[in-house]
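Colleague: Handing you a structure now.
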Amino acid sequence: MPLEPWQRISQEIFEAWLKQLSEETDLIDLRFGWKLESILESETGVEATVTDVNCGKTVKLTSRYAVGCDGASSRVRRSLDIPLDGGPVPGFVLLVHFKSNDLARLHKQGRFWHLFMTGEQVMGGADTFTTHLFLPMDADETKIGTEEAVYRVLGGMYQPYEVKIDQVLVRSTYRPSVAVARKYSSPHGWIYLAGDSAHQNIPTGGYGMNMGLGDAYDIGWKLAAVIQGWAGKGMLQSYEEERRPVALTNVERSGIHMAVHAAVPKILSGFAHELDANTDKGRQLRKEIHQHYQANDGENTDLGIEMGYRYTSVIIVPDTTGEEPSWTAHEYNPTTWPGSRPPHLFLKDNTAIFDLFGKYFTLVHFIGERDEAGNTEYFDEAAKVMGIPLKHVTLKNEDHARALWERNLVLVRPDGHVSWRSNAISHRSTALHVLEVAVGQHFAAIRGSVDDQLVAVGPGREVAQQANKNSELRSNSNPAKFTIAEYFKSQDKDYKLDKMGDFQK
Ligand SMILES: Cc1cc2nc3c(=O)[nH]c(=O)nc-3n(C[C@H](O)[C@H](O)[C@H](O)COP(=O)(O)OP(=O)(O)OC[C@H]3O[C@@H](n4cnc5c(N)ncnc54)[C@H](O)[C@@H]3O)c2cc1C
């Protein structure tokens, strides 16, 4: 389980908080009203052409690196001519985000988060709600009033249902789409994609922004490591290797959640108006819908997707001493298997183990009655020589934590994922090689470097073979196909989704 319980926060609140935070830090130069026209890389860096939309002034900005977090219609992705593979889901949606104390009375029936009104959807906070009115593609949403849109959703398949709306916070449209970019970086590795520019999914499951934050965290610490000079070329290569498979899995999963709702009209098949009736048919329909949702309840309970994702990349040292623990979309299986996020737990003095991690790498070292881990100072020495910031955390007689963490030594990365684990270290060279792989210094020669670990890391040949196999798998960037998509399309420079906003074109 995570250290903090997960929280639900409206994007409207989250983004305002993030904006304020960004304005307060000297590390960020926030410029609203500037539009990126195009971005290019040379062999040495990046040149971006941007326009101040208020006065029309265009300037060129140069930098070493750039990360395109410019949303689904990303100019960065289009400038780089990176194909986006996937397709739209039928229809488009008129969304209204509003406050209503009147509607808040619904919570007396039990607090809810999502309310599906056979065909439409309502999301509810205490007194703040969002309605999603699904429309056919040819509908003209400008002819639908904001209040009318809310009433139509609340009425579901019946007449529009009126409530007193105190304040409309947002009115907008979105076109659901499932797609993943085929590459996450430019050919020379100076420009990267993150967030919706790299992947798009439908809102079911709530994966979009969560994945975007995951991307930002992953590319963020890796760029820092490269700029600070203690990482090799494999570090940035691992970004796509780690984050793209997560996107492929989650985007497909969001479609599976959507299909669960889409199946309801089939269950009702012609008897929708009997759903509320006190008849045998009404009871049978309600039972079938109940069973359908009980059997397909992954939308907000797929903990394997939300917490259990594991990375395989050139900077993860594979564990060849046992079988990888099973993974399913629905279950969270706590493990320190390399590439996973280690489990949170409280130590004997009630300290959360995560709170002991350093800002960069952390070697978590469990010591029992007998010290079985060997010469762990080899790690400190190797890190010092290589200039890698490493915190060494020694935990004595923490038997419960040791059992859950599965190994005496666990090397944790700055983003909290496991780089390597083992029970012992007996050679100085092993520490050096593990760290070299963990910071991507053996990008080109990973086989050699891992082979050299034979003595201490485990049966080295398998380690090397596995690392090689993983590299091959990752470089095989096949176009992604998603079951929910209306049709499959690969788009590049000419990316055009129906109903794009003017700013996106
Ligand atoms: C109805 C709905 C419900 C959702 N619910 C959830 C949820 O519950 N959980 C979740 O995790 N995610 C959810 N999402 C997804 C989430 O909103 C997105 O994944 C997230 O906003 C993507 O963030 P981003 O920064 O990558 O892109 P965006 O939010 O699209 O931001 C891109 C930014 O770049 C700017 N920009 C674009 N082009 C240019 C240009 N040429 N020059 C300068 N600036 C430019 C845009 O103005 C914008 O500010 C939902 C989405 C929708 C539509």
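Colleague: Please report the net charge: other residues with Cβ closer than 11 Å to the Cβ of Asn300, K and R +1, D and E -1.
Modeller: Net of charged neighbours comes to -3.
Colleague: What net charge is computed for the residues neighbouring Val418, neighbours being all others with C-beta under 11 Å from the C-beta of Val418, Lys and Arg scored +1, Asp and Glu -1?
Modeller: It works out to a net charge of +2.
Colleague: I would also like to ask the following. Can you compute the charge dipole magnitude of the chain about its Cα centre, using +1 on each Lys and Arg Cβ and -1 on each Asp and Glu Cβ, nothing else charged? Give it in debye, rounded to the nearest 20.
Modeller: 460 debye
Colleague: What is the spin-label model distance, in nm, from Leu213 to Asn375 if the labels are put 7 Å beyond Cα along the C-beta direction?
Modeller: 4.3 nm
Colleague: Separate question: Give, rounded to the nearest 20 debye, the magnitude of the charge dipole that segment 92-174 has about its Cα centre when Lys and Arg contribute +1 at Cβ and Asp and Glu contribute -1 at Cβ.
Modeller: 340 debye
Colleague: Would you list, by chain and number, the aspartates and glutamates whose Cα falls below 15 Å from the Cα of Lys281, excluding same-chain residues fewer than 8 positions away?
Modeller: Result set, ordered by chain and number: empty.
Colleague: If you don't mind, another one. Determine, from the Cβ-Cβ distance of Val385 and Ala259 and an R0 of 41 Å, the FRET efficiency 1/(1 + (r/R0)^6), rounded to the nearest 0.05.
Modeller: Once rounded, the FRET efficiency stands at 0.15.
Colleague: Let me ask something additional. Lys35: which lysines have alpha carbons under 21 Å from its alpha carbon, excluding same-chain residues fewer than 8 sequence positions away?
Modeller: Reachable lysines: Lys19, Lys57, Lys60, Lys493, Lys496, Lys499, Lys505.
Colleague: Moving on to the next point. Which peptide among 481-493, 234-246 comes first, and what is the full order, when sorted by highest mean count of other Cβ atoms within 10 Å?
Modeller: 234-246, 481-493
Colleague: For a test of the definition: using alpha carbon positions, the gyration tensor, and the 1.5 limit on a/c, classify segment 309-410 as rounded, prolate or oblate.
Modeller: Because a/c hits 1.5 or more and a/b fails to exceed b/c, segment 309-410 counts as oblate.
Colleague: What is the fewest-to-most order of Asp140, Asp81 by other Cβ atoms lying within 10 Å of their Cβ?
Modeller: So the residues, fewest neighbours to most, are Asp140, Asp81.
Colleague: I need the peptides 191-204, 18-31, 258-271 ranked by packing, meaning the mean over residues of other C-beta atoms within 10 angstrom, with the highest value on top.
Modeller: Taking the mean over residues of other Cβ atoms within 10 Å, the ranking is 191-204, 258-271, 18-31.
Colleague: Enumerate the lysines that Lys222 could reach by cross-link, defined here as Cα to Cα under 20 Å, with residues fewer than 8 away along the same chain left out.
Modeller: Leaving aside lysines fewer than 8 places away in the same chain, those within reach of Lys222 are Lys183, Lys233, Lys359, Lys384, Lys391.
Colleague: Which percent, to the nearest 5, of DSSP beta bridges fully inside the chain are antiparallel?
Modeller: Of the beta bridges lying entirely in the chain, close to 85 percent run antiparallel.
Colleague: Only sites in a loop by DSSP and with at most 13 other Cβ atoms within 10 Å count here; which trypsin sites (Lys or Arg not before Pro) in segment 359-446 make the cut?
Modeller: Lys359, Arg370
Colleague: Nothing charged except the Cβ atoms of Lys and Arg (+1) and of Asp and Glu (-1): what's the magnitude of the dipole of segment 310-411 about its Cα centre? Round to the nearest 20 debye.
Modeller: 340 debye
Colleague: Please give, to one decimal in nm, the separation of the simple spin-label points placed at Asn423 and Phe112, each 7 Å out from Cα toward the Cβ.
Modeller: Going by the 7 Å Cα→Cβ label model, 5.4 nm.
Colleague: Between helix 208-228 and the chain, what is the angle of the helix's C-alpha long axis to the longest principal axis, kept within 0 to 90° and rounded to the nearest 10?
Modeller: Tilt relative to the chain: about 30 degrees.
Colleague: Mean separation of Cα pairs under 8 Å and 6+ residues apart, divided by the residue count of the chain: what relative contact order is that in percent?
Modeller: Value for the chain: 16 percent.
Colleague: Could you calculate the FRET efficiency of Lys266 with Val59 from 1/(1 + (r/R0)^6), where r is the beta carbon distance between them and R0 is 56 Å, rounded to 0.05?
Modeller: The computed FRET efficiency comes out at 0.50.
Colleague: Shifting gears a bit: Compute the length gained on full extension between Asp140 and Ala277: take 0.36 nm times their separation in residues and subtract their Cα-Cα distance, giving the result in nm to one decimal.
Modeller: Gain on extension, Asp140 to Ala277, equals 45.9 nm.
Colleague: Relative to the longest principal axis of the chain, what angle (0 to 90°, nearest 10) does the C-alpha long axis of helix 377-386 take?
Modeller: That works out to roughly 80 degrees.
Colleague: Please give the helix 280-295 orientation as an angle from the longest Cα principal axis of the chain, in degrees from 0 to 90, rounded to the nearest 10.
Modeller: 20 degrees
Colleague: Follow-up question, since we're still on this one. Sorted by packing (mean other beta-carbon atoms within 10 Å per residue), highest first, where do 311-324, 287-300 land?
Modeller: Result, highest mean Cβ count within 10 Å first: 311-324, 287-300.
Colleague: What is the extension gain from Thr25 to Leu356, computed as 0.36 nm multiplied by their sequence separation minus the C-alpha to C-alpha distance, in nm to one decimal?
Modeller: That pair, Thr25 and Leu356, stretches by 116.6 nm at full extension.
Each reported figure results from applying straightforward, stated rules to the coordinates on display, with no laboratory input. Predicted model, so just to flag it, every value in this text is computed and none were measured. Positions of Cβ are backbone-derived with ideal geometry, glycine not excepted, and every protein chain shown enters the neighbour counts.
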